[in-house]
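Here is the structure we will look at.
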Amino acid sequence: MNSEKDLIETEEENVPEEAELSEEANVPEEELSEEEKTPSEEEKKEAVRKEVLEWIRTFVFAIALALVIRMFLFEMVAVHQSSMYPTLADGQKVGLLKIAYAVSEPQRGDIVVIKVSEEKNLVKRVIATGGQKVEIIQSRVYIDGEELDEEYISDDLVYSDYGPIVVPEGYIFAMGDNRPSSIDSRAMGCFPAEDVLGRVCIRFVPFTVFRRIP
């Protein structure tokens, strides 16, 4: 009898347990219809509208940034004169750094753009600043009695004597590097420092003469 009982228990142990499947597992997944997968016409229009608005914002921002840069920071200026030859030639384009004198004054040797009227600007080199005495003797420039070392001009230039004069405070005395052909402070007087639009910092057109101007 014990053998028969043991056999029945063994058979019960060998019966595999039925896997219980949850109701969730038995429910087939719902598939999206083609219409639900494809964006509607309204959704397409909304996406296009958002993209157009983004492009408009980007364009407006770029224009505003360019205007701010041009008005307050940097501007390209064309040279329409030969008075700065050989440093600058007629037709060349230079970069004007407008914020150069935001916290300082023009210094001797700087090449600057000076506003002389609503229609006309001049590109000249600062020779002397307020309080300094300027005199030209035999084509040599003297500042406070000392000869100015001007390696940026041609050695064979001949131009008239001038002065002496003392530059008023708040003004600059400026001349072109091509002295015989330059209309500058010798004829127009000293320029107010507040009329200086900025410092020429780079020469970049044509690209064959590209270089930084210290």
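Read-outs: derived from the displayed coordinates by stated rules, not from any lab. Just so we're clear, the structure is a prediction, and the values are computed from it rather than from any experiment. Methodologically, a virtual Cβ is constructed for each residue, glycine included, from the backbone with ideal geometry; neighbour enumeration extends over all protein chains shown.
Among the residues making up the stretch 82-130, those that are of a type in the set (Gly, Ala, Ser) and either part of a strand (DSSP E or B) or out of contact with any strand residue (DSSP E or B) (no Cβ under 7 Å at 6 or more places or on another chain) (or both) are 82, 83, 89, 91, 95, 102, 104, 117, 128. Only one entry of 160, 117, 185, 181 meets the criterion of being of a type outside the set (A, V, I, L, M, F, W, C) and closer than 19 Å to residue 89 by Cβ, and that entry is 181. Just to verify a result, which residue in the stretch 112-151, among those that are aliphatic (A, V, I, L, M) and surrounded by fewer than 17 Cβ atoms within 10 Å (Cβ to Cβ), is farthest from the chain's Cα centre (by Cα)? Filtering first and then ranking leaves 137.
Would you pick out the residues in the stretch 164-185 that are aliphatic (A, V, I, L, M), surrounded by 19 or more Cβ atoms within 10 Å (Cβ to Cβ) and assigned to a loop (DSSP other than H, G, I, E, B)? If the condition is that a residue be aliphatic (A, V, I, L, M), surrounded by 19 or more Cβ atoms within 10 Å (Cβ to Cβ) and assigned to a loop (DSSP other than H, G, I, E, B), then 167 is the only one that fits. Taken over the stretch 148-196, the criterion of being touching a helix residue (DSSP H, G or I) at 6+ places or on another chain (Cβ under 8 Å) and not small (Gly, Ala, Ser) is satisfied by 153, 157, 158, 159, 162, 171, 172, 173, 175, 191.
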